[in-house]
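Here, each number is a calculation from the coordinates, and none is a lab measurement. Note that the structure is predicted; figures quoted are calculated from it, not measured. Cβ: placed from backbone, ideal geometry, glycine included. Neighbour counts: every protein chain shown.
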Amino acid sequence: MAEYLTQYADPRLANVIAALVHCGLLLAVAVGAAAFFNWLERKVSARTQDRLGPTRVGGRFGWLQSLADGIKLLAKEDVIPAGADSPLFRLAPYVSFSAAFCAYIALPFADGWVARHLNVAVLFILAVAGLEVFGVILAGYASGSKWSLFGAMREAAQVVSYKIPLALCVVVPVMIAGTMDLVAIGNMQRGWLTNWFLFHDPFTFVTFLVFLTCVVAGVNRSSFDLAEAESELAAGFLSEYSGFRWALFFMAERASMVAVSGLAAILFLGGWNGPLPVATWLHLVPESGLLAGWLGNLLGAGNFLFKCLVGVVFMMWLRWTLPRLRIDQVMTTCLKYCVPLAAAMLLGAMLWTYALPGGLLPGGRPIGEVPEGSAAVAASERGGR
Amino acid sequence: MDAQTIHGRLLERFGERIRAADLEAVDPWIEVSAASLPEVCLYLRDRLELRFNMLHCISGVDYFEGDPQRSAETGWQPHMQLLYHLSSLVYRHRLVLKVRLPRWKDGVAGELPEVPSVAHVWRTADWHEREVFDLSGVRFTGHPELRRILCPDDWEGHPLRKDYRAPDEYQGIRVR
Amino acid sequence: MSFERIDPDLVELDVGMDEILINVGPQHPGTHGVLRVLLRTDGELVLGAEPYIGYLHRCKEKIGENLTARQFIPYTDRLDYLAGMNMNLGWALVVEKLLGLEVPEKAKHLRVLMCELGRIASHLVAAAAMGLDLGSVTPFMYCFRERERIVDLFEAACGSRLTYNYITVGGVMADLPAGWLERCEAFCNEFEQVIPELHAVLTGNAIFIGRTAAIGVLSPETAIDFGCTGPVLRASGVDWDLRRDGEPIYTRLYDGYEFRVIAETEGTYPGAKRHPPVPQAAVVGDSWHRFYVRMLETVESLGLVRQAMARYRDSESPCGEPVKLTQKLPKGEAYLETEAPKGQMGFMVVGNGTAVPWRVRIRSSSFSNLSVLSELCRGGLVADVTAVIGSLDIVLGEVDR
């Protein structure tokens with residue numbers, strides 16, 4: 001968008017406007033996702049527990065429940081404990097939310113639809129998402145309560161440990177693709193379902209499962225939510241937060257859930273490409289014209305958001321079914337199971353791509369080959385940005 | 001083993017330290033002297049044919065009637081009784097031990113009567129003795145950590161005593 | 001851990017350099033009521049766990065010295081409020097023991113019916129709360145859905161969902177309404193289908209086993225020494241149940257009923273073939289076994305309910321006449337323990353010839369079960385404290401009275 005606007009205005013102003021527009025859209029996605037998934041979580045948990053969930057606020061399905069919750073949170077009294085370190089206490093939720101939100105900057109929603117097209121997008125997302133733990137540690141320390149400190153320390157240990165197998169898992173699709181550029185990775189999976197990296201070789205399939213575990217642990221969801229374990233730590237590092245500050249932590253958690261689901265979608269599940277190449281059949285490709293290309297991308301973005309939704313629902317399903325692991329069991333799972341497994345899968349995938357560069361299923365492409373007609377190719381031909 | 005035989009064994013072993021007994025009562029009981037209580041309890045627990053391995057309950061009963069008219073009708077002297085309900089999971093027999101104590105030590109009001117602790121015989125006695133100390137005001141000598149259990153640590157008085165009067169205030173809050 | 005109070009506002013405790021003193025409760029979602037556990041930890045390792053009770057002390061024993069025997073029945077409901085029927089029975093039986101009263105046949109069957117339904121209801125809460133403590137919220141909802149149906153049955157019988165005042169000295173307050181037995185029958189049939197669901201989400205779940213197996217292992221000698229009773233004792237391998245081994249006035253209620261005492265004998269549980277197998281990691285006397293014993297007891301109680309319904313239908317005698325409100329109690333003492341869902345609940349009544357007892361003593365199972373907490377938690381992790389408290393299944397109404 002920035003290059004487009006430079007036709008009309010000074011380059012610096014164009015950049016600023018582009019940044020604002022992108023942030024606005026992404027914030028809408030992140031915050032909208034938080035609100036939507038709040039409602040969805042209540043419905044999913046209710047149905048799992050053989051009850052209905054919200055049915056009154058806003059019609060039969062309680063659509064406006066999230067809005068009501070949001071209003072309630074904004075209207076709450078701002079309580080800061082006397083023993084709390086006030087500046088850090090106030091800062092912590094913003095650190096968490098910013099880190100979670102920044103991951104969206106490099107996350108593409110469709111071919112070329114990305115706030116900032118980075119050629120090290122994967123690395124950027126992992127790095128920035130890892131900063132969320134700073135907010136948690138700050139919150140735990142600054143609350144001035146031992147329970148919060150306990151929760152924060154557990155969380156720090158957990159998130160940091162799970163980054164290792166996460167990184168190992170992520171290297172596998174990056175290696176298959178030959179690039180860290182998420183747009184390129186997404187484009188490589190264009191076409192039929194079989195092009196998805198998930199079906200590239202059995203090692204990548206297992207890597208996906210390990211990736212799911214690491215991601216759920218890294219986001220502190222479901223069986224790995226001991227940092228906020230309600231029945232043990234009375235909400236852990238969050239126990240002194242209420243009102244809008246709590247809402248920010250909550251949004252940060254939801255935003256990172258969506259972001260990691262999106263990452264999983266792009267790296268393994270074909271990104272914005274559906275199982276059938278419908279867009280190609282309907283000629284909704286950039287070659288057919290600007291509007292067609294745009295519509296094709298819209299379809300792709302819809303696909304992508306649907307995959308994020310599936311990922312998030314899966315995490316919710318896990319949460320309401322399984323009990324919670326203990327911290328030593330979490331660490332054991334990470335260090336004794338996830339890391340060796342991810343390393344073994346990496347080795348296997350490496351050997352596989354060496355022996356069978358085209359992958360398992362017919363129609364596969366060798367490493368690094370980007371299909372024609374994609375925006376990434378066009379960009380790389382232009383010299384890349 | 002029935003109460004008669006147990007009583008016989010105890011008399012044989014301890015003689016005069018077994019004060020009284022009522023074996024026809026609804027719950028047959030045997031009264032022992034306070035000083036001999038730990039020994040009797042150890043004997044009851046460890047003796048092969050007795051094996052009273054579970055202490056169910058220690059209760060303090062305050063026999064004091066404040067009203068002079070009714071106290072004349074009761075026929076007993078004011079005293080404190082401790083009841084120990086024992087049973088054997090091995091032989092399925094039950095027994096009640098009683099210890100009779102003065103209400104105040106040496107007759108001095110405010111000085112709690114003393115009895116040796118049996119916490120070293122059955123570990124459950126730890127909490128039960130703390131409760132009797134807390135509510136009935138009996139001091140157990142040799143108890144690992146005798147402090148109040150149900151009432152707050154700084155509560156004054158022993159509520160289950162018959163002459164107890166609840167305080168008007170507790171830490172500035174009106175209680176009655 | 002000892003402490004001296006010099007200045008009431010300043011409490012000095014001997015805490016080591018690298019130890020944290022942390023309070024679980026009294027307000028805490030995981031302590032089953034107002035219980036305070038003072039943990040001394042070295043990071044995640046628990047070095048000492050000391051329970052502090054008395055936050056729910058309501059002076060029941062003192063109140064009992066001012067009310068007649070029948071007037072005390074509602075107070076017993078509020079002891080173990082999750083199993084009010086069983087509490088009513090304990091007090092009613094001990095007063096009947098002192099009076100030398102025997103209730104008619106039909107009342108006995110009705111009492112068994114209500115108490116076993118109460119046992120199922122209580123064990124459902126125990127299972128639910130344990131799942132909740134470990135992070136599994138869904139079984140809580142399933143268990144309470146079933147408990148709602150039992151509580152509806154109780155409401156139809158006596159008008160109240162939680163505090164029944166139903167089983168009283170001399171019998172029960174009123175006979176069952178029309179259609180009650182059919183509803184109960186329907187409940188029994190449908191509840192049997194739910195038990196495998198609960199096993200799937202809890203008993204056989206790998207994470208649940210990981211959190212409870214070999215955690216808080218209680219040896220039989222320690223259990224007896226600390227006065228632990230009920231499922232806690234039976235899970236440690238001690239074959240003892242007052243419904244079979246108790247005093248005659250109580251065991252006569254269960255004369256002719258067929259049921260199995262759930263305790264592991266020779267490596268297996270009775271009737272275990274219909275239930276998930278014992279996992280490799282579980283050790284007799286750990287939290288998983290305490291949970292398992294309760295699940296198996298629920299099934300046994302279901303069988304007892306069915307038998308009680310059949311025998312109630314067949315018996316002709318009247319349903320028992322509650323004694324006069326001002327019934328005088330003879331001089332003397334009586335103590336009786338009954339097998340309540342959480343353990344052995346003991347009541348003692350000292351009569352002095354008037355209608356009002358001289359002394360009422362309540363010996364609650366949870367009081368002794370809780371005292372073993374410090375032994376079980378030492379050496380474990382902080383997260384295990386809630387698992388152990390959940391497996392001991394305490395209710396503070398009973399502990400504090």
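Compared with the dominant principal axis of the Cα atoms in chain C, helix C:84-99 is inclined by about 60°.
Counting Cβ atoms of other protein chains within 10 Å of each residue's Cβ and taking the mean over peptide A:323-335 gives 5. If you wrap the protein assembly as shown in the convex hull of its Cα atoms and look at it from every side, the mean projected area works out to 47.1 nm².
Would you mind classifying segment B:1-129 by shape? Square roots of the alpha carbon gyration tensor eigenvalues, ordered a ≥ b ≥ c; an a/c under 1.5 is rounded, otherwise it is prolate if a/b is larger than b/c and oblate if not. It is prolate, given that a/c is not under 1.5 and a/b is the larger ratio. For the segment C:132-144, counting C-beta atoms of other chains within 10 Å of every residue's C-beta and taking the mean gives 6. Once you have a ≥ b ≥ c as the square roots of the Cα gyration tensor eigenvalues for segment B:54-118, tell me rounded if a/c is under 1.5, and otherwise prolate or oblate according to whether a/b is larger than b/c. Oblate shape, in that a/c is at least 1.5 and b/c is the bigger or equal ratio. Counting, for every residue in A:148-154, the Cβ atoms of other protein chains within 10 Å of its Cβ and taking the mean gives 2. Here the dipole of segment B:3-174 is about 580 debye; that uses its Cα centre as origin and unit charges on the Cβ of Lys and Arg (positive) and Asp and Glu (negative). Compared with the dominant Cα axis of chain C, that is its longest principal axis, helix C:382-392 is turned about 10°. Were the residues from residue A:52 through residue A:16 laid out at 0.36 nm apart, the gain over their Cα-Cα distance would be 8.4 nm.
Computed over neighbours whose Cβ is under 15 Å from that of residue C:170, the net charge equals +2, Lys and Arg +1, Asp and Glu -1. In this calculation the C-beta distance from residue A:77 to residue C:66 is compared with R0 = 45 Å, giving a FRET efficiency of 0.50. Computed from Cα positions, the angle between helix A:146-177 and the longest principal axis of chain A comes to roughly 10 degrees. Here the label points at residue B:19 and residue C:321, each 7 Å from Cα along the C-beta direction, are separated by 4.2 nm in the simple model. For every other residue with a beta carbon closer than 15 angstrom to the beta carbon of residue C:69, add +1 if it is Lys or Arg and -1 if Asp or Glu, then tell me the sum. Surrounding charge for residue C:69 is +2.
Summary value for segment C:60-400: 28 percent relative contact order, contacts being C-alpha pairs under 8 angstrom separated by 6+ residues.
Summarising the strand pairing of the protein assembly as shown, around 90 percent of its internal DSSP beta bridges are antiparallel.
Ranking C:358, A:272, A:317 by Cβ neighbours within 10 Å, fewest first, what do you get? Mind showing how you got there, number by number?
Values: C:358 21, A:272 30, A:317 14.
Going from sparsest to densest Cβ surroundings: A:317, C:358, A:272.
Charge dipole (Cα centre; +1 on Lys/Arg Cβ, -1 on Asp/Glu Cβ; no other charges) of segment C:60-400 amounts to roughly 600 debye.
When both segment B:81-113 and segment A:139-169 are represented by their alpha-carbon centers, they are found 54 Å apart. For segment A:74-168, the set of GluC sites (Glu not before Pro) satisfying both a DSSP loop assignment and a count of at most 10 other C-beta atoms within 10 Å is given as A:77.
Can you give the FRET efficiency to the nearest 0.05 for residue C:222 and residue B:104, using r as the Cβ-Cβ distance and R₀ = 41 Å?
Working: r = 37 Å, r/R0 = 0.91.
Rounded to the nearest 0.05, the efficiency is 0.65.
Cα-Cα over 32 Å: which of B:162/C:328; A:72/A:146; C:60/C:97; A:43/C:273; B:98/C:106; B:105/C:328? Listed pairs above 32 Å: A:43/C:273; B:98/C:106; B:105/C:328.
For residue B:33, what is the net charge nearby, where nearby means another residue's Cβ is under 13 Å from its Cβ and Lys, Arg count +1, Asp, Glu -1? If you can, show how the numbers build up before the last one.
Numbers: positive: B:17, B:19, B:98, B:100; negative: B:16, B:31, B:39, B:114.
Within the 13 Å Cβ shell, the charges total 0.
Magnitude of the charge dipole for segment A:1-75, about its Cα centre and with charges confined to Cβ atoms of Lys, Arg (+1) and Asp, Glu (-1), is about 520 debye.
Counting neighbouring beta carbons within 10 Å and listing from fewest to most, the residues C:70, C:243, B:174 come out as B:174, C:243, C:70. A simple spin-label model places the labels of residue C:161 and residue A:63 3.3 nm from each other, with each point 7 Å out along Cα-to-Cβ.
In terms of surrounding Cβ atoms within a 10 Å radius of their Cβ, C:273, B:162 rank from fewest to most as C:273, B:162.
Among A:91-98, C:62-69, sorting by the average number of other beta carbon atoms lying within 10 angstrom of each residue, highest first, gives A:91-98, C:62-69.
Compactness of segment A:87-151 is given as radius of gyration and Dmax, 14.9, 48 Å, from Cα positions.
If a/c stays under 1.5 just call it rounded; otherwise compare a/b with b/c (prolate if a/b is bigger, oblate if not). Do that for segment C:243-379, with a ≥ b ≥ c from the square roots of the Cα gyration tensor eigenvalues.
Working: a/c = 3.38, a/b = 1.42, b/c = 2.38.
Judged from the Cα gyration tensor, segment C:243-379 comes out oblate (a/c at least 1.5, b/c at or above a/b).
Centre-to-centre separation between the Cα atoms of segment A:73-129 and those of segment C:97-128: 58 Å.
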